[in-house]
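The values are calculated or read from the model by the stated rules, or taken from the named source; none is laboratory data. The shown structure was predicted, so the numbers you read here are calculated from the model rather than taken from an experiment. Cβ: placed from backbone, ideal geometry, glycine included. Neighbour counts: every protein chain shown. Surface areas here come from the heavy atoms of the whole protein model, side chains and all, with no ligands, DNA or RNA. Shrake-Rupley method; radii C 1.70, N 1.55, O 1.52, S 1.80 Å.
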Amino acid sequence: SGSLAANSRGYVVSALPEKLVKQVSEETTPDILVVLGAQHSAQRRYREALYCMDRALQMEPGHVRAHYSRGQVFSLSGRWLDAQACFERAAELAPPGSTEKGQATYCIATAMHTQGNLAGATQAYQQAAKLWPNQPVISFSLANVLWAQKRLHEAKQVVEEALGMAAMRNPRAPFRQQFVQLLERIDHALAPVSQHET
């Protein structure tokens, strides 16, 4: 039940559990349908999750969380292009300055990064960092995509700024050790460059 149908929706209604189809058809609140979809997604029932979210979007086409949640389901099932489209729609609909806009933009970057669009991912991570500031996960992702492009000085600057964040001051902070290791790798890679410059 975890794999999605090849069609653009990811499911065929006639293949869904009858009980779910009935439950979804009787629900009148998009928010509840999104929560129901998230519950199915957590249990790797992606077709059922998408069905719930699609119904929420039929009721309220501008429902930011439904678009975002559809993107999450598509990303969990490896359909990154579909995920990216959903995250782009969520970012477009999210209120300016909202956390939702920053989260959706981060997910756009992740989708691009996973698909190998490193330049696009770099721009999206940078935009996400402005929309959703002081998030170590964004800095870590940005530093890694810069590293992958051999943009070592920029990657080092991102890592050093991240290590200066209040959330990173605790030696046991999530990502702190990964940042330290990445900084060591960057410094090691830069060492021969620095020797040649002198």
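Just a yes or no: is a residue in region 47-67 within 14 Å of the chain's Cα centre (by Cα), at pLDDT 95 or above and not hydrophobic (A, V, I, L, M, F, W, C)? Checking region 47-67: at least one residue is within 14 Å of the chain's Cα centre (by Cα), at pLDDT 95 or above and not hydrophobic (A, V, I, L, M, F, W, C).
Taking Phe175 as the residue in question, decide whether it is modelled with pLDDT under 90 and closer than 25 Å to Trp80 by Cα. Yes. Ala173: in contact (Cβ under 8 Å) with a residue 24 or more places away in the chain, within 25 Å of Tyr68 (Cβ to Cβ) and either hydrophobic (A, V, I, L, M, F, W, C) or crowded, with 22+ Cβ neighbours inside 10 Å (or both), yes or no? When the stated conditions are applied, Ala173 does not pass them.
Would you mind stating whether Glu154 is open to solvent by 90 Å² or more (accessible area, probe 1.4 Å) and on the phi < 0 side of the Ramachandran plot? Spelling it out, it is not the case that Glu154 is open to solvent by 90 Å² or more (accessible area, probe 1.4 Å) and on the phi < 0 side of the Ramachandran plot. Mind checking whether some residue in region 132-140 is closer than 24 Å to Thr105 by Cβ, among the polar types (S, T, N, Q), over 19 Å from the mean Cα position of the chain (by Cα) and surrounded by 12 or more Cβ atoms within 10 Å (Cβ to Cβ)? Looking through region 132-140, none of the residues is closer than 24 Å to Thr105 by Cβ, among the polar types (S, T, N, Q), over 19 Å from the mean Cα position of the chain (by Cα) and surrounded by 12 or more Cβ atoms within 10 Å (Cβ to Cβ). Taking each residue of region 18-44 that is within 15 Å of Gln58 (Cβ to Cβ) and looking for partners that are open to solvent by less than 40 Å² (accessible area, probe 1.4 Å) and among the polar types (S, T, N, Q) with beta-carbon atoms closer than 7 Å, six or more apart or interchain, yields Val34/Ser69; Gly37/Ser69.
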